[in-house]
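The values are calculated or read from the model by the stated rules, or taken from the named source; none is laboratory data. Since this is a predicted model, take the numbers as computed values, not measurements. Neighbour counts are summed over all protein chains in view; Cβ atoms, including those assigned to glycine, are modelled from backbone coordinates with ideal geometry. Quick note on the areas: whole protein, heavy atoms, side chains included, nothing else; ligands and nucleic acids left out. Shrake-Rupley method; radii C 1.70, N 1.55, O 1.52, S 1.80 Å.
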Amino acid sequence: MIDLALHTTLRDGPRRFTLDLALRSQAKVLGVYGASGAGKSLALQAIAGLAPVTEGRVVVNGRVWLDTAQRVNQPVPERRVGLLFQHYALFPHLSVRANVAFGLTRWWQRLKPADAARVDALLARFGLSAMAHSRPDRLSGGQRQRVALARALACEPELLLLDEPFAALNPQLRVPLRRELAQTCAEWGVPVVLVTHDVDDLLDLADEAVLIDEGRVLKHVNLRDASPDALAEAGLQPEPDTPERARRRALLA
Ligand SMILES: Nc1ncnc2c1ncn2[C@@H]1O[C@H](COP(=O)(O)OP(=O)(O)OP(=O)(O)O)[C@@H](O)[C@H]1O
């Protein structure tokens, strides 16, 4: 269960942007969609504690990470958030294993045996053991995404925040990786907030979806039992294939 109320105004010279967002959700996967610049990434950063919130609340599974009225503001490391960014933000000079272990290590101490075992189990789970000592630039896009997902899960997060997790991949890879992500979320049982521009991500992965516009929630759709009309009204229908596109798609299958 997540319960959010996020109010903040960012200023950059004459520019200002106000996020004023409130929502509650029981979804296992909550999709967040909306136009470019609507405030989706900013909302994720505010949940993680990476963007300032002047007024509001972030409660995840009953744990209060932020409550400005009660003067509670947990620092970022205590929020137990797994983050996956659009371009994965892997450290190019570190091996795959060191990237996955990054949040568990301190520069002055070695990885504890239990943490090392967890990292190795994650590498095995995501099929990355054979490339544990490779640098990220020697991996494919899909493998890099798995490294980022393994890193996000290594700290045993209470919430996973995924910002456009498929955007850096070619469209053919998205279908199997979406399936893999759905499996991972179900396996780990950790709630997910997924920011995406891709309607198919929402249709395949999310239980609920919120449409954000100019920093506010414009629509909150329950996808589990939404009728085709409700989906269409929320702009959540994939473009239907024309006969020609269907013919070409069949040739590629
Ligand atoms: N530090 C800042 N100061 C002022 N405005 C900012 C700052 N950071 C972001 N913004 C503005 O906040 C708005 C929301 O940005 P955000 O990155 O959340 O958009 P988004 O919905 O994730 O867009 P996209 O889909 O293009 O990634 C944008 O208009 C952006 O220019």
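What to note about this one:
- Qualifying residue in the stretch 217-231 (condition: within 20 Å of residue 146 (Cα to Cα) and assigned to a helix (DSSP H, G or I)): no
- If the condition is being within 14 Å of the ligand (Cβ to nearest atom) and either modelled with pLDDT of 90 or more or assigned to a strand (DSSP E or B) (or both), then the stretch 186-201 contributes 193, 194, 195, 196.
- The residue that is nearest to residue 228 (Cα to Cα), among those in the stretch 200-209 that are of a type in the set (A, V, I, L, M, F, W, C) and in contact with a helix residue (DSSP H, G or I) (Cβ under 9 Å, 6 or more places away or on another chain), is 203.
- Residue in the stretch 44-52 that is of a type in the set (Val, Ile, Thr) and more than 16 Å from the chain's Cα centre (by Cα) present: no
- Scope the stretch 4-26; condition away from the ligand (no atom under 12 Å from the Cβ) and crowded, with 17+ Cβ neighbours inside 10 Å; matching residues: 4, 5, 7, 23, 25
- Each residue in the stretch 152-185 was checked for being part of a loop (DSSP other than H, G, I, E, B), more than 16 Å from the ligand (Cβ to nearest atom), open to solvent by less than 20 Å² (accessible area, probe 1.4 Å) and under 21 Å from residue 28 (Cα atoms), and 1 of them qualify.
- Just so you know, in the stretch 58-78 the residues that are buried (at least 19 other Cβ atoms within 10 Å of the Cβ) and in contact with a Leu (Cβ under 6 Å, 6 or more places away or on another chain) include one that is farthest from residue 102 (Cα to Cα), and it is 58.
- Residue pairs whose Cβ atoms lie under 6 Å apart, separated by 6 or more positions or on different chains, with the first residue in the stretch 10-36 and without any contact (Cβ under 8 Å) to a residue 60 or more places away in the chain and the second among the hydroxyl-bearing types (Ser, Thr, Tyr), are 16/9.
- The lone exception for residue 149 - which of (1) surrounded by fewer than 19 Cβ atoms within 10 Å (Cβ to Cβ); (2) more than 16 Å from the ligand (Cβ to nearest atom) it fails: (1)
Rundown of residues vs (1) free of Cβ contacts under 8 Å to residues at least 12 places away in the same chain; (2) under 23 Å from residue 46 (Cα atoms); (3) aliphatic (A, V, I, L, M), yes/no style:
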| residue | (1), (2), (3) |
| --- | --- |
| 196 | no, yes, no |
| 223 | no, no, yes |
| 226 | yes, no, yes |
| 229 | yes, no, no |
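- Scanning the stretch 35-57 for residues that are in a strand (DSSP E or B) and either within 14 Å of the ligand (Cβ to nearest atom) or open to solvent by 30 Å² or more (accessible area, probe 1.4 Å) (or both) turns up 55, 57.
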